[in-house]
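The values are calculated or read from the model by the stated rules, or taken from the named source; none is laboratory data. Predicted model, so just to flag it, every value in this text is computed and none were measured. Don't worry about glycine lacking a Cβ; one is built from the backbone with ideal geometry, like all the others, and counts go over all protein chains shown. Side chains included, ligands, DNA and RNA excluded: accessible areas come from the protein's heavy atoms. Shrake-Rupley method; radii C 1.70, N 1.55, O 1.52, S 1.80 Å.
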Amino acid sequence: MGKVYLIGAGPGAADLITVRGARILGMADVVLHDALVEPGMLEHAPQARKIAVGKRCGQRSSAQHFINKQILDAAREHALVVRLKGGDPMLFGRADEEIRALEVAGIDYEIVPGITAALASAATLRRPLTLRGVARSVAFATHSRAPGSDETRERVNADSLVYYMGRDSAVTIARQLIDAGRSPRTPVAIVEAATTERERTLTLTLDEMAHGRAQPWLDPSQPSLLMIGDAFAPREAVGIGEAMDTASHARPGTLPALQFAA
């Protein structure tokens, strides 16, 4: 039996993978990689056999049970197997299903974290996800639902909201957030293909997104993130000095919260 490494490739750019991730890729016999992994990332493993097992929304892709089988088969034939996932394996990456398969088969594994797209997109926008006096909590969410789920309303509640895989549901997300009490004037930033040469950004309001203003701009072939909240307003509109004054009078002992929602 070989050993399997679940490695986070990061948000896109080949040099944003961790040093540990790049080192292990350089020793891999086989690399099973997502569709969102940039070709340049695979150059870290010139010696390895590459197997594309990507899952892309709305397109033909490998079923998860078949991906699991391919990982197990590779581990039975090779000493070092890498399962390379975009972003971080533990965030919306179906890592649990692959981990369970490895544990049932008795195959040793290790998880190497990566930079998730929300952090890279915040850096691209030069807007922090948290901002004293403005945004003290962050939620990472996806509008995707499991088959058979009857959830139809948004229940995510945080100052800054980051939606993964939300491109096709952008209008619905915006309308539901407004219905739930969010101001229609809430700033929205959309980042496509973060950190790659194809990177683009769009800024608008929640009301404009609810009316479909973002749809003609969005490229269905590119991954995108919806970032919603006052922290993403133009810098002069945020009122940094005022925000810091407000924060200085905050209740002692309160800390920003980080939430993850699916």
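Annotations for the structure displayed:
- Any hit, the range 52-65, residues being open to solvent by 80 Å² or more (accessible area, probe 1.4 Å) and in contact with a Lys or Arg (Cβ under 7 Å, 6 or more places away or on another chain): no
- Inside the range 202-235, residues that are open to solvent by 40 Å² or more (accessible area, probe 1.4 Å), modelled with pLDDT under 95 and under 17 Å from residue 160 (Cβ atoms) make up a count of 2.
- For the range 165-173, the criterion of being surrounded by fewer than 21 Cβ atoms within 10 Å (Cβ to Cβ), over 23 Å from residue 94 (Cα atoms) and among the charged types (D, E, K, R) is satisfied by no residue at all.
- Residues within the range 138-187 that are assigned to a strand (DSSP E or B), modelled with pLDDT of 95 or more and of a type outside the set (A, V, I, L, M), tallied: 5
- Residues that are buried (at least 22 other Cβ atoms within 10 Å of the Cβ) and of a type in the set (Ser, Thr, Tyr), drawn from the range 95-141: 116, 121
- Counted as qualifying within the range 36-134 are the helices (runs of 4 or more DSSP H) with 1 or more residues that are under 21 Å from residue 26 (Cα atoms), namely 39-42, 64-77.
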